[in-house]
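Engineer: Quick one: this structure, given as structure tokens, is what I'll be asking you about.
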Amino acid sequence: MVQRMAVSLRFALLLFAAFVSFQLISASDDATILYESFDESFEGRWIVSQKDEYKGVWKHSKSEGHEDYGLLVGEPAKKYAIVKELDEPLSLKDGTVVLQYEVRLQNGLECGGAYLKYLRPQEAGWVSKEFDNESPYMIMFGPDKCGATNKVHFILKHKNPKSGEYIEHHLKNPPSVPSDKLTHVYTAILKPDNELRILIDGEEKQKANFLAADDFQPPLIPEKTIPDPDDKKPEDWDERAKIPDPDAVKPEDWDEHAPMEIEDEDAVKPEGWLDDEPEEIDDPEATKPEDWDDEEDGEWEAPKIDNPKCEAAPGCGEWKRPMKRNPAYKGKWHAPHIDNPNYKGIWKPQQIPNPNYFELDKPDFEPIAAVGIEIWTMQDGILFDNILISKDEKVAESYRASAWKPKFDVEKEKLKAEEAAAGSDGLAGFQKKVFDLLYKVADIPFLDAYKLKIIDVIEKGEKQPNLTIGILVSVVAVIITVLFKIIFGGKKAKVEPPKETEAAESSSSKQEDSGEKEEETEKEETAAAPARRRRRDN
């Protein structure tokens with residue numbers, strides 16, 4: 001009897017577990033608007049743009065080191081465009097909406113985009129086979145990197161109800177693009193309370209409010225007043241706070257023609273100076289080449305070398321007194337400045353009511369009817385995968401756990417093994433941690449004015465690992481400068497990067513141009529007559 005009850009109880013528990021699992025799966029299915037794993041070929045389901053400028057070839061390809069397939073950018077320096085229509089348009093006004101996808105920059109990303117566009121219905125004036133950069137999107141989301149640009153975009157195109165114009169509103173202080181070649185997952189969560197959250201690899205990087213003036217540029221809600229475009233500055237308006245003193249007179253003893261430097265009359269020629277010895281002499285060991293042709297190559301002259309007699313002496317050649325600063329030098333005279341009695345301040349046009357001003361409690365989202373990739377990139381090897389549109393954050397979280405995390409862990413372990421095999425695990429690991437930390441520092445909001453400079457320095461440092469400490473010192477110097485401004489106030493002075501930064505930039509620039517310069521130098525040397533060396537500059 002007890003045994004039968006135990007069996008019945010076990011059976012009941014199994015039924016209950018099966019029921020709960022079914023409910024979870026059903027809920028997941030109901031919440032998932034689109035999920036594209038690219039396990040099967042994209043052909044027939046995704047539409048490649050037929051526009052002439054989009055010549056890049058999309059490929060159904062495995063991610064390096066995995067059996068998992070994705071949508072691959074197969075060629076560098078091309079434009080790409082491909083789109084997938086939803087079964088029916090999705091409203092962004094009803095509840096939570098989650099946009100998520102994976103991208104792996106297998107060959108890095110020097111200049112190009114890896115973002116997605118979520119498009120309005122085709123009634124807005126576009127067709128899938130002609131999808132291009134003019135196709136009307138509602139949201140653009142994902143990595144973009146080129147030159148000073150290094151950000152994970154979130155751009156909302158919102159219609160002004162007064163003017164009817166669609167305006168791009170960019171998320172302020174967007175996070176930076178991870179600098180490695182691993183698979184990363186990007187998530188944007190749109191909440192019904194106007195909140196936006198940006199996640200990278202499941203970690204929140206940015207939180208914003210769609211209606212907050214400080215979170216988007218320009219703000220969704222425009223200013224109530226604007227400068228009057230018809231207002232003109234009066235002709236007699238004086239904006240000069242200081243003016244030259246009209247009553248000032250140049251002193252009689254002011255000599256504007258006195259030189260800045262004069263010969264030092266007290267200087268004495270050092271003893272042992274060899275006046276009659278040249279600084280350079282013909283190389284006594286040099287011989288005329290056997291194939292030298294005086295008619296074609298000109299008269300042969302031995303190359304010059306440093307005169308060995310000058311090494312033991314204070315100097316050679318004609319001695320001249322050194323120059324010193326002229327105590328009588330004053331330079332050009334200028335009248336001192338005084339307060340301008342006619343100063344009226346900096347002129348600004350008067351403010352008038354903004355005819356395009358409006359108020360709203362929630363963004364007037366339009367439905368999205370398709371998801372597309374429209375990019376121009378200098379790198380190939382960009383792999384898109386596991387594109388998800390869902391109404392449930394837990395669904396996105398489950399896909400990150402089941403589809404993304406296992407791949408990422410494998411790639412990370414492989415990277416560690418490669419660094420260890422190269423014999424630089426300690427140094428490389430330390431440098432990676434430093435650069436990862438610096439990228440996070442660059443995302444701090446109060447450093448926004450210096451973000452592009454900091455990121456540019458970091459990227460140059462990554463190419464030259466031996467400059468890691470110098471780069472770290474440079475960024476710390478910027479942070480300290482900004483903190484001093486915040487704490488003590490004062491005028492905003494331009495922050496000049498320390499010498500380590502300049503050295504990094506100079507060194508990086510030299511490395512990038514070295515191939516071309518070496519080739520040009522070789523050509524110049526080939527064309528030049530090798531008669532003799534130039535005399536040294538003193």
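Engineer: Looking at region 373-415 only, could you name the residues that are closer than 16 Å to Thr187 by Cβ, of a type in the set (Val, Ile, Thr) and not in a strand (DSSP E or B)?
Structural biologist: Selection gives Val395 alone.
Engineer: Let me ask something else about it. Exactly one of these conditions fails for Tyr80: (1) closer than 23 Å to Asp392 by Cα; (2) open to solvent by less than 30 Å² (accessible area, probe 1.4 Å). Give me its number.
Structural biologist: (1)
Engineer: Can you give me the ranges of the strands (runs of 3 or more DSSP E) entirely in region 115-194 with at least 2 residues that are in contact with an Asp or Glu (Cβ under 8 Å, 6 or more places away or on another chain) and in the same structural domain as Ala208 (by the TED database)? Let's see the steps before the verdict.
Structural biologist: Values: elements: 116-119, 137-146, 149-159, 166-171, 183-190.
Passing ranges, in order: 137-146, 149-159, 183-190.
Engineer: What number goes with the only condition from (1) touching a Ser or Thr at 6+ places or on another chain (Cβ under 6 Å); (2) free of Cβ contacts under 8 Å to residues at least 60 places away in the same chain that Lys309 does not pass?
Structural biologist: Every listed condition holds for Lys309 apart from (1).
Engineer: Go through region 117-148 and report how many residues are surrounded by 24 or more Cβ atoms within 10 Å (Cβ to Cβ) and without any contact (Cβ under 8 Å) to a residue 40 or more places away in the chain.
Structural biologist: 1
Engineer: Which condition number does Gly317 fail, the rest of (1) at positive phi; (2) open to solvent by 100 Å² or more (accessible area, probe 1.4 Å) being met?
Structural biologist: Here Gly317 clears every test but (2).
Engineer: Being closer than 16 Å to Ile167 by Cα and either surrounded by 15 or more Cβ atoms within 10 Å (Cβ to Cβ) or in the same structural domain as Val441 (by the TED database) (or both) is the filter here; which residues of region 213-230 pass it?
Structural biologist: Narrowing region 213-230 to residues closer than 16 Å to Ile167 by Cα: 213, 215-223.
Selection gives Asp215, Phe216, Pro219, Leu220, Ile221, Pro222.
Engineer: I would also like to ask the following. Output the residues belonging to region 246-258 that are exposed (fewer than 10 other Cβ atoms within 10 Å of the Cβ) and over 30 Å from Pro341 (Cα atoms). Step through it out loud before you land on a result.
Structural biologist: From region 246-258, those exposed (fewer than 10 other Cβ atoms within 10 Å of the Cβ) are 246-247, 249, 251-253, 257; that's our starting set.
Passing the criteria: Asp253, His257.
Engineer: Another one. Could you run through region 320-337 and say how many residues are open to solvent by 60 Å² or more (accessible area, probe 1.4 Å) and under 30 Å from Trp273 (Cβ atoms)?
Structural biologist: Going residue by residue through region 320-337, those that are open to solvent by 60 Å² or more (accessible area, probe 1.4 Å) are 320-325, 327, 329-330, 332, 334, 336-337.
In the following step, the residues that additionally are under 30 Å from Trp273 (Cβ atoms) were identified as 320-325, 327, 329.
Final tally of qualifying residues: 8.
Engineer: Does any residue of region 43-56 turn out to be under 30 Å from Asp180 (Cβ atoms) and surrounded by fewer than 18 Cβ atoms within 10 Å (Cβ to Cβ)?
Structural biologist: Within region 43-56, one or more residues are under 30 Å from Asp180 (Cβ atoms) and surrounded by fewer than 18 Cβ atoms within 10 Å (Cβ to Cβ).
Engineer: Among Gly95, Gly70, which is at pLDDT below 95, open to solvent by less than 80 Å² (accessible area, probe 1.4 Å) and not polar (S, T, N, Q)?
Structural biologist: Gly95
Engineer: Going through Glu40, Glu75, Glu67, Glu88 one at a time, which residue ends up being of a type in the set (Asp, Glu) and part of a strand (DSSP E or B)?
Structural biologist: Checking each option against the conditions leaves just Glu88.
Engineer: Go through region 98-116 and count every residue that is closer than 13 Å to Leu156 by Cα and open to solvent by 10 Å² or more (accessible area, probe 1.4 Å).
Structural biologist: Result for region 98-116: 0.
Engineer: Of Asp385, Asp293, Asp306, which residue is closer than 30 Å to Glu36 by Cβ and either open to solvent by less than 70 Å² (accessible area, probe 1.4 Å) or out of contact with any Pro (no Cβ under 9 Å at 6 or more places or on another chain) (or both)?
Structural biologist: Working: Asp293 fails: closer than 30 Å to Glu36 by Cβ; Asp306 fails: closer than 30 Å to Glu36 by Cβ.
Only one candidate passes the filter, namely Asp385.
Engineer: Can you pull out every residue in region 338-382 that is out of contact with any Ser or Thr (no Cβ under 7 Å at 6 or more places or on another chain), open to solvent by less than 80 Å² (accessible area, probe 1.4 Å), β-branched (Val, Ile, Thr) and more than 30 Å from Ser135 (Cβ to Cβ)?
Structural biologist: Matches in region 338-382: Ile338 only.
Engineer: Does Lys151 qualify as being open to solvent by 60 Å² or more (accessible area, probe 1.4 Å) and modelled with pLDDT under 95? So that I can check it myself, show each step before the final result.
Structural biologist: Details: open to solvent by 60 Å² or more (accessible area, probe 1.4 Å): yes; modelled with pLDDT under 95: no.
It is false that Lys151 is open to solvent by 60 Å² or more (accessible area, probe 1.4 Å) and modelled with pLDDT under 95.
Engineer: Inspect all residues belonging to region 327-348 and state whether any of them is of a type in the set (D, E, K, R) and assigned to a strand (DSSP E or B).
Structural biologist: Of the residues in region 327-348, the ones of a type in the set (D, E, K, R) are 330, 332, 339, 344, 348.
Subsequent filtering for residues that are assigned to a strand (DSSP E or B) retains 339.
Checked region 327-348: at least one residue is of a type in the set (D, E, K, R) and assigned to a strand (DSSP E or B).
Engineer: Consider Met260 against the criteria (1) within 26 Å of Asp392 (Cα to Cα); (2) touching a Phe, Trp or Tyr at 6+ places or on another chain (Cβ under 6 Å): it satisfies all of them except one. Which criterion is unmet?
Structural biologist: Of everything listed in (1) within 26 Å of Asp392 (Cα to Cα); (2) touching a Phe, Trp or Tyr at 6+ places or on another chain (Cβ under 6 Å), Met260 misses just condition (1).
The values are calculated or read from the model by the stated rules, or taken from the named source; none is laboratory data. All values reported here derive from a predicted model rather than from experimental measurement. Cβ coordinates were reconstructed from backbone atoms using ideal geometry, including for glycine residues, and neighbour counts include every protein chain displayed. Ligands, DNA and RNA are stripped out before the accessible areas are found, and what is left, the full protein with its side chains, is counted by its heavy atoms. Shrake-Rupley method; radii C 1.70, N 1.55, O 1.52, S 1.80 Å.
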